[in-house]
Structures are given as structure tokens and as C-alpha cells.
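Enquirer: Handing you this structure, nothing more for now.
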Amino acid sequence: MKQMTLAQARLFEKNQESQILPEERPVFHVTPTIGWLNDPNGFSIYQGEYHLFYQYYPYDIHWGPMHWGHLKSKDLIRWERLPAALAPDAVYDAQGVFSGSAIELPDGRQLLMYTGVQGQDNTSACHQTQCIAIGDGINYTKYEHNPVITVDAIPETCYDKDFRDPKIWWEQEEHCYYAVAGVRVADQSGAVALFSSENGLAWKYVNILDYCQNEYGRMWECPDFFEIGDKAFLIISPQEMRAQGLTFHNGNDVVCLMGTYDRKHHQFTREQAGAVDYGLDFYAPQTIKTADGRRVLIAWMQAWETSHLCPQGAKWNGQMTVPRELIFDHGQLLQQPVQELAAYRRHPVVYTEVPFQTRTSLSGVLGRVLDMTVKVRPEQEGSLEHFTIRLTADESHDVSVTYEPARGTVCLDRTNSGFRYNIITKREAPVKDQGGRIDLRIILDRFSIEVFINGGEQVMSACIYTPQEADQIFFEAKGSGWFDVEKYDIVLDS
Ligand code: FRU
């Protein structure tokens, strides 16, 4: 295979970026400079700014030999593009620079830890190892002693074609770096391996934090491990999941394993497994801890199975979710768009106590780049059969969000979003019974919808490729009661 250099990628993206007009992209959701994007990588704080890298193939809108694209931001909403950071240009990563993470070193440099793939994909000649590159926030040099961890370090496994996606962090109290990575063990299913290092370069195997045992999918990709209060969270992206009610769906899914962590013995005790997002497009999330102590998550807002289907003539393929704050409250993990988004809210339109009607629109409530909260209040328990918000609508398009109190579900339906492929277009989330009351916060950004239900107890995310002119919003109810609407446009250029 022809070697792909970083210089080539940087030149290519520099020449091609202007091909994409600003209105052909989302306003505040991250997209690739050009070509293809998948997982968020290296989500981190470096010299006081947020850095985000991503799985990147600039030369096509489909997945290819992986590079790392790069952006930075002061507030997680307005992103500045930086040149591609890594290319598959070393022997140990010639087949791809796969997912990984980043951290600032005490000497002021930034360390990237990633999976190098060597040899042919899905064959016994394929080797995945963990590698390092160090740089200044723009240019990175691959470490001369790469790879720094091979599968030989893990007694429980011998599968070196599935050993990937290291997520690094620093433990202040222990004065030590840790990293987790996904691996397969003897039963062929996934596990999360834990490693430690004093300097970020020389790594030791610690143990296996948790095993899949063929219960949640097979291979576990992109693990992330963190604590909020006295709870520990291991977020994993399993492949080959089997559906379980409305909680998990088939294929690539994301699971949050919640439990406790005994730091001394590095034992994670799993207590619960839950879904992170109930929508159609969400995978491989990664988190950071902000300077003010918030845990913020960002994910690839796409599904592997449908990621090759994008509109004809597309010049980019793949986008991230809005960064979301994770809040642990009364035993539940809530997600909310980061508070920084509020600074970009413009043109407020507020309605209170609008009576339920079969179908209504409200003057000023429309648009494709917005942050809207709708509070639904039935007259009494049982007086609402369903409440539907139809967004991105015109005569032939819409994306709908429907709450049915009797079923206890919210359904996100993009059947009429203009996507002409035989793909899954609907999914449902179970929601708690509040006598028919519900709060729905909806974020639209031209090519996506994210629905935060009841303060973020459930979230549903999906890509949409609806023509931008379809910008009407309708409210439809069967029953008696009222709803409130608070709607803002999100505007970055002011
Ligand atoms: C997850 C994933 C990772 C891998 C990367 C390759 O979406 O499959 O496991 O590192 O994508 O692009």
C-alpha cells in the first residue's frame, strides 16, 4: 500500500476545505475538515484550551486508512480547525492510526496515545498495539520506542487484532498515569484492560476492569473510565450487541456500566448497566473533566451500519454530538448540553400555557439551528393520549418526537427526513411516569436532532439530511392540557 504522509494530508485538506461552504455544515457540531470523520479522539484540555481530535480520512467521504483530524476550542461550542495531527506513516501504524486519547505532560507538551494498526484488517496478520506521539498542540512526533504496549502484556488474551482505543488519565493522589483499552479474552468477547505508567511512556499491565462474557455484545471498543462522586462509570462501545427491550439495540451500541471502584486493588464492581443514548446515531463517546470539575462527554453522532449512506455529492461525512455534561443525581446519570451553549442563544420566543390542539404552529417558532424546550402539562392524569412535535417540516418532510404517556415512551421518527435508504428510522426511549407531564429539550443543528428528555434522563440523537428549507415546527396533541415553549436560535457570529 502507498504510504500516506501527514504532509500530503495537510496539503490536501488545506486545498479542499474551502470546497465546503459554511452553510453546508452544522453551525456548532464538529465535522471533518474534509472527507470522513468517526470517533472523537484525544478529547482533552491543553494549555487552557479544549482539544478534540477525530478518526479522519480526508481523501474520501468513506472510511479509509485512519488519520487524526484536529480542532481546538475555548468553550466547546466554537471550534477552530487545526491541521491534521497524525497520519498512518509508521511501520506499526501503516494500516491506520486508530482511536485514542490525549493529556498534557508536566513539561508543557501534549501526549497522544493511540492504537497503531499494522497488517491486513481482519486477518491473522493484523496487529493492534498502543503507541504514543508527543507535540506542542499542532505538530506531533511519534515516539521512537513505539509501540509502548502490545497484547503480550495482558495474560488474559492473545488476540492482537482486537486491542485498541486507549483512554489515558492522570491520578493526582497516586502520581501516576492510567489507561484503559478494549481487548478480547478467551471466550472471544470483550474486556477492558487497565494499565499504569509513571511517565506516560513506559506502561505496565494492571488487570482487567470488567469482562463482557458475551453479555453486552462481543468486542468492547472505546472504553472510558471515570468517577463522579462515589460512583465509578465504565462507558464502553460494544460491537454485535443483542437488543434488550428499549434499552439496548442490535449492532454497535453504547453501554454505561455503573459501579464502585476500589482504588487500592483496582477492582471495579459493576452494579448496573444502562443505555447512554436511545437515538439512532451515537457511538464511541469520550469524556473529559473540565477545570471547574464537570464531566463532559462527546460522541460520534452516527451509526456504523448506516455511515456509508450519505447524501449524493456530500463533501463531508460524520459529525459529533453537542458536548454534554454528565450529572449524577439520585442514582441516575443525566446528560445536558454543556452550559456554554447558553451564551449563543439568540432571539428568544416564549409561549406559556398554549392549549393542546390537534395541530398548531406558533409564530416565531421555526428554524433549523435552535435550542427549544417544550413542557407538556396535561389537564389531569390520563387526559393526554399523545403529544407530537414535528420539526424540520414542509409539505413532504418532517422529523417527529412523540410522547405517549400510556406507553411511557418517547419516539423519535425520521422516516420523512429525506433519507432515501432502507434504514432504521425510528427508535423509542422509555420515560418515567409523571402523570403525563414531560419536558423535552430539542437541539437542532441543520443535519441533526438531539432530544434531552426530563432534564437529560434519556437522550435521543440522530442525523437528518432534510432539505434546509424544511424549517417549520408543528405541535400536535390528542387530549386536554397545555404546553410551554421556550425557543432560541443558536447563532455563532455575533
Ligand atoms: C470505533 C472504532 C474503534 C477504532 C476506530 C477505527 O468506532 O472501531 O475501535 O479505533 O473506530 O476508526
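Enquirer: Applying the selection to region 74-101, what residues are among the acidic types (Asp, Glu), away from the ligand (no atom under 13 Å from the Cβ) and in contact with a strand residue (DSSP E or B) (Cβ under 6 Å, 6 or more places away or on another chain)?
Expert: 80
Enquirer: Collect the residues in region 403-450 that are among the β-branched types (Val, Ile, Thr) and over 26 Å from residue 341 (Cα atoms), keeping them in residue-number order. So that I can check it myself, show each step before the final result.
Expert: We begin by selecting, within region 403-450, every residue among the β-branched types (Val, Ile, Thr); these are 409-410, 415, 423-425, 431, 438, 442-443, 449.
Result: 409, 415, 423, 424, 425.
Enquirer: Scan region 287-316 and report the pairs whose first residue is closer than 19 Å to residue 48 by Cβ and whose second residue is in a loop (DSSP other than H, G, I, E, B) and aliphatic (A, V, I, L, M), with Cβ atoms within less than 9 Å and a gap of 6+ or a chain change.
Expert: Partner pairs satisfying both residue conditions: 290/76; 290/338; 294/338; 296/76; 296/338; 298/30; 298/76; 298/322.
Enquirer: Looking only at region 187-233, which residues are within 16 Å of residue 171 (Cα to Cα) and within 13 Å of the ligand (Cβ to nearest atom)?
Expert: Correct list: 224 only.
Enquirer: Okay, next question. Whether any residue in region 366-378 is over 17 Å from residue 441 (Cα atoms) and at pLDDT 95 or above is what I want to check.
Expert: Yes, the conditions are met somewhere in region 366-378.
Enquirer: Of these, 39, 60, which one is charged (D, E, K, R) and either assigned to a strand (DSSP E or B) or under 30 Å from residue 292 (Cα atoms) (or both)?
Expert: Among 39, 60, only 39 is charged (D, E, K, R) and either assigned to a strand (DSSP E or B) or under 30 Å from residue 292 (Cα atoms) (or both).
Enquirer: If I filter region 100-135 down to residues being of a type in the set (S, T, N, Q) and in a strand (DSSP E or B), which single residue comes out as modelled with the lowest pLDDT?
Expert: Among residues in region 100-135 that are of a type in the set (S, T, N, Q) and in a strand (DSSP E or B), the one modelled with the lowest pLDDT is 118.
Enquirer: Can you name the residue in region 234-267 that is in contact with a Cys (Cβ under 9 Å, 6 or more places away or on another chain) and under 19 Å from residue 194 (Cα atoms) and, of all such residues, is nearest to the ligand (Cβ to nearest atom)?
Expert: Filtering region 234-267 for residues that are in contact with a Cys (Cβ under 9 Å, 6 or more places away or on another chain) and under 19 Å from residue 194 (Cα atoms), the one nearest to the ligand (Cβ to nearest atom) comes out as 237.
Enquirer: Okay, next question. Looking for whichever is within 16 Å of the ligand (Cβ to nearest atom), in contact (Cβ under 8 Å) with a residue 40 or more places away in the chain and under 18 Å from residue 222 (Cα atoms) here; the options are 181, 133. Which one fits?
Expert: Working: 133 fails: under 18 Å from residue 222 (Cα atoms).
Among 181, 133, only 181 is within 16 Å of the ligand (Cβ to nearest atom), in contact (Cβ under 8 Å) with a residue 40 or more places away in the chain and under 18 Å from residue 222 (Cα atoms).
Enquirer: Moving on to the next point. Of the residues 275, 299, only one is under 21 Å from the mean Cα position of the chain (by Cα), crowded, with 20+ Cβ neighbours inside 10 Å, away from the ligand (no atom under 16 Å from the Cβ) and not polar (S, T, N, Q); which?
Expert: Among 275, 299, only 275 is under 21 Å from the mean Cα position of the chain (by Cα), crowded, with 20+ Cβ neighbours inside 10 Å, away from the ligand (no atom under 16 Å from the Cβ) and not polar (S, T, N, Q).
Enquirer: Test each condition in (1) surrounded by fewer than 19 Cβ atoms within 10 Å (Cβ to Cβ); (2) assigned to a strand (DSSP E or B) for residue 210 and report the one that comes out false.
Expert: (1)
Enquirer: Could you check, for region 51-73, whether at least one of its residues is more than 15 Å from the ligand (Cβ to nearest atom), within 16 Å of the chain's Cα centre (by Cα) and either small (Gly, Ala, Ser) or surrounded by fewer than 21 Cβ atoms within 10 Å (Cβ to Cβ) (or both)?
Expert: Yes.
Enquirer: List, please: which pairs have Cβ atoms under 9 Å, are six or more places apart or on different chains, and start with a residue in region 333-349 that is crowded, with 20+ Cβ neighbours inside 10 Å and end with one that is in a helix (DSSP H, G or I)?
Expert: 333/456; 335/456; 337/456
Enquirer: If you don't mind, another one. List the strands (runs of 3 or more DSSP E) that sit entirely inside region 383-494 and contain at least 2 residues that are within 19 Å of residue 334 (Cα to Cα). Please lay out each step first, then the result.
Expert: Details: elements: 384-393, 398-404, 409-416, 426-430, 438-445, 448-453, 458-463, 472-479, 481-490.
Output list reads 409-416, 426-430, 438-445, 448-453, 458-463.
Enquirer: Go through 191, 202 for me and flag whichever is without any contact (Cβ under 8 Å) to a residue 60 or more places away in the chain and surrounded by fewer than 16 Cβ atoms within 10 Å (Cβ to Cβ).
Expert: Just a single option satisfies the conditions, and that option is 202.
The values are calculated or read from the model by the stated rules, or taken from the named source; none is laboratory data. Keep in mind it's a predicted model, so treat the numbers as computed, not measured. We place every Cβ from the backbone using ideal geometry, glycine too, and count neighbours over all the protein chains shown.
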